[in-house]
Amino acid sequence: GENVEQHPSTLSVQEGDSAVIKCTYSDSASNYFPWYKQELGKGPQLIIDIRSNVGEKKDQRIAVTLNKTAKHFSLHITETQPEDSAVYFCAVSYGNKLVFGAGTILRVKS
Amino acid sequence: DTEVTQTPKHLVMGMTNKKSLKCEQHMGHRAMYWYKQKAKKPPELMFVYSYEKLSINESVPSRFSPECPNSSLLNLHLHALQPEDSALYLCASSQDVLWQGNTGELFFGEGSRLTVL
């Protein structure tokens, strides 16, 4: 089935620390794995994505790693800042659809 | 212009009312989507339009009726809704529908918050 598990559901970190969010999926045919950030009162916004032929991708303070064998991928945010506080959703392509994980509420304490 | 614009931002309606949500994008995207998002939950796909034709209907009740008048506009017509339909309705667009060779980045609007009394 179209299953995406995301952990943790909430994450509190001190400003400047790193944050890691993990997702697992079920279909080995899935080949596209984006991460979306949703701030209060706004729609989700793509922050980084990775395709199945790549193991890691980095964009400044944000990185995503993919383990296709184990069917899991992770979002890494380094040097967290208060403006990183938001809900983060992983997503997985299942055929021609994106299925979202349950979301992680990230709180960065200053 | 990388915006998806949704109107209205807030809508309150009774169970017998007929109302519509509207969505507009001018990025030349050929795929448009309706998602439903309940509080503290992820977006759930409702409908996908590709080249102005309905390509996916996720078994949505007929009280929700989508319409794509042209490549820039997407409407969601609402009739005889139930209180449990209260949610944030998100419109999104992408260059093309997701497939093996396409990144499928979705551009979301800010949503229309619907309350059904």
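The values are calculated or read from the model by the stated rules, or taken from the named source; none is laboratory data. The model shown is predicted, which means the values in this text are computed figures rather than measured ones. Ideal geometry is used to build each Cβ from the backbone, glycine not excepted, and the neighbour counts take in all protein chains shown.
Considering only the range A:64-110, state which residues are in contact with a Phe, Trp or Tyr (Cβ under 7 Å, 6 or more places away or on another chain) and assigned to a loop (DSSP other than H, G, I, E, B).
Passing the criteria: A:Lys71, A:Asn96, A:Gly101, A:Gly103.
Would you pick out the residues in the range A:12-48 that are more than 10 Å from chain B (Cβ to nearest Cβ), within 13 Å of the chain's Cα centre (by Cα) and either at pLDDT below 95 or within 25 Å of A:Lys97 (Cβ to Cβ) (or both)?
A:Ile21, A:Lys22, A:Cys23, A:Thr24, A:Tyr25, A:Phe33, A:Trp35, A:Lys37, A:Ile47, A:Ile48
Tell me the residue from B:Leu114, B:Leu81 that is assigned to a loop (DSSP other than H, G, I, E, B) and away from every other protein chain (no Cβ under 14 Å), please.
B:Leu81
Of the residues that sit in the range B:67-117 and are among the acidic types (Asp, Glu) and modelled with pLDDT of 95 or more, which one is nearest to B:Met13 (Cα to Cα)?
Once the filter is applied, the top-ranked residue is B:Asp85.
Looking at the range B:1-60 only, could you name the residues that are polar (S, T, N, Q) and on the phi > 0 side of the Ramachandran plot?
Answer for the range B:1-60, where residues must be polar (S, T, N, Q) and on the phi > 0 side of the Ramachandran plot: just B:Ser59.
So which residues in the range A:87-110 are at pLDDT 95 or above and either at positive phi or facing another protein chain (nearest Cβ under 7 Å) (or both)?
Those that are at pLDDT 95 or above and either at positive phi or facing another protein chain (nearest Cβ under 7 Å) (or both): A:Phe89, A:Phe100, A:Gly101, A:Ala102, A:Gly103.
Take the residues in the range A:49-63 that are assigned to a strand (DSSP E or B) and within 11 Å of chain B (Cβ to nearest Cβ); name whichever of them is nearest to B:Val4 (Cα to Cα).
Per the criteria, the residue is A:Asp49.
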